[in-house]
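Undergrad: Here it is, the structure, as structure tokens.
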Amino acid sequence: MWDYTEKVMDHFKNPRNVGAIPNADGTGQVGSLVCGDALKLTIKVNKDTDVIEDAKFETFGCASAIASSSILTEMVKGKTIAEASKITNQDIADALGTLPAEKMHCSVMGMEALEAAVKSYRQGGKAVVFEQQSEKIVCHCFNVSEETIIKAIRANHLKTVDDVTHFTKAGGGCGRCKGEIQKILDKVNGANEASNAPKTFAQMTLVEKIRKIEQVLESDVRPMLNMDGGSAELVDVNGTVVKVRLVGMCSGCAGAAGTLKHVIEKALQEKVDPSLTVEQA
């Protein structure tokens with residue numbers, strides 16, 4: 001037995017807005033009876049304001065599918081087409097107080113039906129069936145494309161094959177596609193990690209280099225020099241050479257060379273880049 005919230009059970013037992021709107025301004029369909037879940041969403045839109053005035057659904061599926069479809073119709077009413085287009089599957093799940101991980105694909109189905117209905121409205125009202133955005137089908141049991149899997153991974157920060165199955169149903173049939181799903185996970189998450197990795201000193205712009213060096217001077221160097229009545233000013237950055245001017249009591253001090261090498265250069269090598277050298281300006 002799934003651990004459903006009271007909100008899910010309410011929308012399952014007492015679904016809102018069941019049916020189809022005659023002469024709907026937008027009709028979106030997703031899924032199929034063969035795959036076990038299907039949803040048809042119809043919307044009525046005020047042409048002058050683009051506000052969705054009514055929404056109804058017809059679905060074939062489990063309690064989560066019915067509840068997700070029901071609450072989605074409530075969520076879109078009163079919103080403009082642009083506002084409704086921003087609703088995500090996570091928004092649907094959150095509105096229900098959460099869904100079991102294994103049932104998250106039902107909220108994805110709602111989001112996809114809404115995308116198709118919006119597209120239908122923008123194309124003049126002709127019914128639109130949500131289509132996979134890629135010709136490459138990864139899961140043939142449930143007709144799930146590579147693009148759908150990639151989109152789910154990015155939007156929901158999925159990490160495992162089971163996560164992908166819960167959100168898209170891919171891998172939930174014969175299981176032969178699980179190896180391919182893992183490869184997609186590795187590729188997408190590897191790219192995300194690479195894009196989020198901090199820049200090396202060589203990759204930084206000059207402004208970024210100056211900002212980074214100034215941060216270290218301010219936090220690690222100047223407080224130490226200030227104790228003896230001195231300080232250090234950044235003058236120039238040329239490649240890996242950092243030129244610094246010692247001021248105050250540090251200016252002309254017999255230990256100036258040691259300060260540059262053993263205090264400033266050491267701090268910059270540890271906190272910014274080990275290839276940096278510091279010279280007196």
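Undergrad: Given the conditions (1) more than 21 Å from the chain's Cα centre (by Cα); (2) at pLDDT below 95; (3) surrounded by 20 or more Cβ atoms within 10 Å (Cβ to Cβ); (4) hydroxyl-bearing (Ser, Thr, Tyr), report the number of the one that residue 73 does not fulfil.
TA: Condition not satisfied by residue 73: (2).
Undergrad: Inside segment 82-103, can you point out the residues that are of a type in the set (Lys, Arg) and in contact (Cβ under 8 Å) with a residue 40 or more places away in the chain? If you could, list the steps in order and put the result at the bottom.
TA: Filtering segment 82-103 down to residues of a type in the set (Lys, Arg) leaves 86, 103.
Correct list: 103 only.
The values are calculated or read from the model by the stated rules, or taken from the named source; none is laboratory data. Just so it is clear, the structure is predicted and the values come from calculations on it, not from any experiment. Cβ: placed from backbone, ideal geometry, glycine included. Neighbour counts: every protein chain shown.
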